[in-house]
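*Asks:* Got a structure here, written out as structure tokens. Questions coming.
The values are calculated or read from the model by the stated rules, or taken from the named source; none is laboratory data. Remember, it's a predicted structure, so these values are computed and weren't measured experimentally. FYI the Cβ positions are ideal-geometry reconstructions off the backbone, even for glycines, and counts take in every protein chain you see.
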Amino acid sequence: MANKQMSEIKIRQTKTSTLQGSSGEITDSALFLSEKIDEYLFKLGCSSAHTLGVVTQLLNVGKIRLDFRDYNERLQLINAADAMSRTDAMSLTEAYLGSVQTQSHPPNDLDLTQKVIIQAPKRSGF
């Protein structure tokens, strides 16, 4: 894989509505991976490990499915040659996330708080 940038990698996005009472409306579109990452950064927060994991998986495997509250989203690389090793995918993603963060937020800007819910392990019945 030649050193491609996120803005050069095209993906196909398929969204299926899961809202109760909807007919399972499906939308299909093509966009650059950088656009999708920017959307996730806005939705999930700039320091999101979820964004890193999703993009790394997409670049490594070539496709990924995400389940949100109101819809399912399937992302797939349009050109299979854009797939890369997990190490290369993480490096490229981290470099992109780092460049976006430094452009939009100063390093000490702590305006984002994430809510994390940890479930207690289930007790096994002896």
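*Asks:* Scan region 36-59 residue by residue and report those that are within 17 Å of S7 (Cα to Cα) and either surrounded by 14 or more Cβ atoms within 10 Å (Cβ to Cβ) or of a type in the set (S, T, N, Q) (or both).
*Replies:* K36, I37, D38, Y40, L41, T51, L52, V54, V55, T56, L58, L59
*Asks:* Tell me whether region 52-69 contains one or more residues that are in a strand (DSSP E or B), farther than 23 Å from S99 by Cβ and at pLDDT 90 or above.
*Replies:* So far as region 52-69 goes, yes, one or more of its residues are in a strand (DSSP E or B), farther than 23 Å from S99 by Cβ and at pLDDT 90 or above.
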